[in-house]
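Computed from the coordinates by the stated procedures, all read-outs in this text should not be read as laboratory data. Values in this document were obtained by computation on a predicted structure and should not be read as measured data. Backbone-built Cβ (ideal geometry, glycine too); neighbour counts: all protein chains shown.
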Amino acid sequence: MVDDEALGAWFCDAILTREASLMRFIRRNWRDAAETADLRQEIYEKVLTGARRELPRNAGHYLFAVARNHLINRAKRAQIVSFDLVADISALADGSDLYSTERQVSARDELRRAQAGLDLLPPRCREVVRLRKVEGLSTRETAERLGVGIDTVEKQLTLGIRAMTDFVLGGTGKIHRWSATARATAGAGNDE
Amino acid sequence: MSDARHIEEQAAQWLLRSEQPDWSEDQSARLREWLDQSYSHKAAFWRLEHGWKKADRLAVLGSGASVSAQRTPTFANWRRLAIAASVALMIALVPTYFIASRDISGGGQQAAEQQFSTALGSRKTVALADGSKVELNTATIGRALVNDRRREFWLDRGEAYFDIVHDAARPFVIYAGTRTVTVLGTKFSVRRDGDRVTVNVIQGRVKVDLGPSRPDGPSTTIGVGDTAVADGDSTIVASRSLEQVERAMSWRQGMLTFDNATLADAAAEFNRYNARKIEILDEQAAQTRIGGTFEANNVDAFARLLREAYGVKVEVDPGAVKISA
């Protein structure tokens, strides 16, 4: 068994650095774009489950083998697939560019990237993230500073964490808002 | 909301709370438990933790620095919207609250024991007072006792699939023959064949032991994709894939799935579901290996396929289906 600390470190180091490639792979091979985030999460779960006994030696091969199998299984289960698509997925997983990790980035690049991610956030979400990361305020202090409830701060911060993570891992930083709350807020005139 | 997004939202909430000054040992233990429930939780949490940490670079911008020309905080507007958001949040939380609530009946009274059973070949899903669900397979008898202090289930006969709502304060305990199965909140099945007890896990972690009366007895904790088979004092654990374990639960869709099983085992499995029994008349037929997915209640279709695919002799009479090489 691999202990959690080693598994987590490997996951951040060897798998998350390939997230941009993984997302390209999913988008290329899956017609429903709304499902890409779900597929990513399912693939990560399988990646960890499979690696808990022993860390795979070639993380890139391993990640895309898991991803390919998962897409094929999902497609079969959904019965939406022709064998052509399965063949395509198989062929694509052999493509060489897929295994590349994000190039090493400097601290300055990371700051630029984080700042670009922050700028993309909706205004209220951006302000809460700024108070947390730049001024180091707790959610309670943020709530007091802005004169709003802690729940509201947590809601925005949750969104901010998800969007910032998506962005720094090479995504667009756009997060689907899914809950009844988010919809109700939008309905109440939220212009985000 | 999809499971994946729901998990990501939960992970983000854990992460932001873990950064607060009032984060306690107790909360930390609960986060640990949540993470241990599933690799899906770990994947989501580790990913957000990693990404969010990268945003620490922003700290160099310093207090009061203008992060962006786009920044236009409009606090009056924000406050008005926040009120709407809070109200919406309260409304949205109501059903969750009832599911998570430790005592949905309001008082602290002892709930009565509930009894459930299914006839040969039928299935039934029952909801327990804590929001957990139990699916009973064919010819199964069970009893449940769920109140504000305890969650217990006795599997007296047969097989059941459990979808248990998480509650660290009230572990869910299943008594199945000689074995006790303890969980905090997971998805798994338990099956009894006489003294043999089989546990299949598709989410979270499950502890299988000999119960409080035998604290020194063997105790085994299994996770996603694992199967534990207990007989006498021995417990064997097989680590399989999630798919394989899910296949063992295809009865939930009224199907039986065999992968390289002997015809003898397949017949025994069919006989759990049907009054008309399959009898294997000779050893050669009994050892024939078969695979595939079949309707549990359709013995005739199974017999027909056996004849066509394996060339065995099938004799059908009203009481039994007799198979020979």
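With viscosity set to 1.306 mPa s and temperature to 10 °C, compute the Stokes-Einstein D of segment B:1-45, Rh being the Kirkwood radius across alpha carbon pairs; µm²/s, no decimals. Mind showing how you got there, number by number?
On the way: Rh = 10.8 Å.
Value of D from the Cα-based Kirkwood radius: 148 µm²/s.
Cα gyration tensor of segment A:107-187, axes a ≥ b ≥ c as square roots of the eigenvalues: rounded (a/c below 1.5), prolate (a/b > b/c) or oblate? Intermediate values should be presented prior to the final figure.
Details: a/c = 2.58, a/b = 1.23, b/c = 2.09.
It is oblate, given that a/c is not under 1.5 and a/b is not larger than b/c.
Please pull out the direction-averaged projected area of segment B:233-274, using the convex hull of its alpha-carbon atoms, in nm² to one decimal place.
Working: hull surface 16.6 nm².
Directional mean of the projected Cα hull area for segment B:233-274 stands at 4.1 nm².
How high is the FRET efficiency from A:Met1 to A:Ile72, r the C-beta distance, R0 35 Å, rounded to 0.05?
Working from the Cβ atoms, E equals 0.80.
Give me the base-10 log of I(q)/I(0) for segment B:114-241 at each q in 0.13, 0.19, 0.21 Å⁻¹, Debye formula, one uniform scatterer per Cα, rounded to two decimals.
-0.47, -1.05, -1.28
Identify the trypsin sites (Lys or Arg not before Pro) of segment B:134-226 meeting these criteria: DSSP loop state and at most 15 other C-beta atoms within 10 Å of the C-beta. The partial results should precede the final answer.
Values: sites: B:Arg143, B:Arg149, B:Arg150, B:Arg151, B:Arg157, B:Arg179, B:Lys187, B:Arg191, B:Arg192, B:Arg196, B:Arg205, B:Lys207; in loops: B:Arg149, B:Arg150, B:Arg205.
Within segment B:134-226, the qualifying trypsin sites (Lys or Arg not before Pro) (loop, at most 15 other Cβ atoms within 10 Å) are B:Arg149, B:Arg150.
Considering only DSSP states other than H, G, I, E and B, which trypsin sites (Lys or Arg not before Pro) in segment A:10-61 qualify as loop sites with at most 16 other Cβ atoms within 10 Å? Before the final figure, lay out the partial values.
On the way: sites: A:Arg18, A:Arg24, A:Arg27, A:Arg28, A:Arg31, A:Arg40, A:Lys46, A:Arg52, A:Arg53, A:Arg57; in loops: A:Arg31, A:Arg52, A:Arg53, A:Arg57.
Taking segment A:10-61 and a limit of 16 other Cβ atoms within 10 Å, the loop trypsin sites (Lys or Arg not before Pro) found are A:Arg31, A:Arg53, A:Arg57.
List the GluC sites (Glu not before Pro) within segment B:109-158 that DSSP assigns to loop and that have no more than 15 neighbouring Cβ atoms inside 10 Å. Write down the numbers at each step before the final one.
On the way: sites: B:Glu113, B:Glu135, B:Glu152; in loops: B:Glu113.
When the GluC sites (Glu not before Pro) of segment B:109-158 are filtered for loop state and at most 15 Cβ neighbours within 10 Å, B:Glu113 remain.
Spin-label point model (7 Å from Cα, Cβ direction): what's the B:Ser24 to B:Asn260 distance in nm?
5.2
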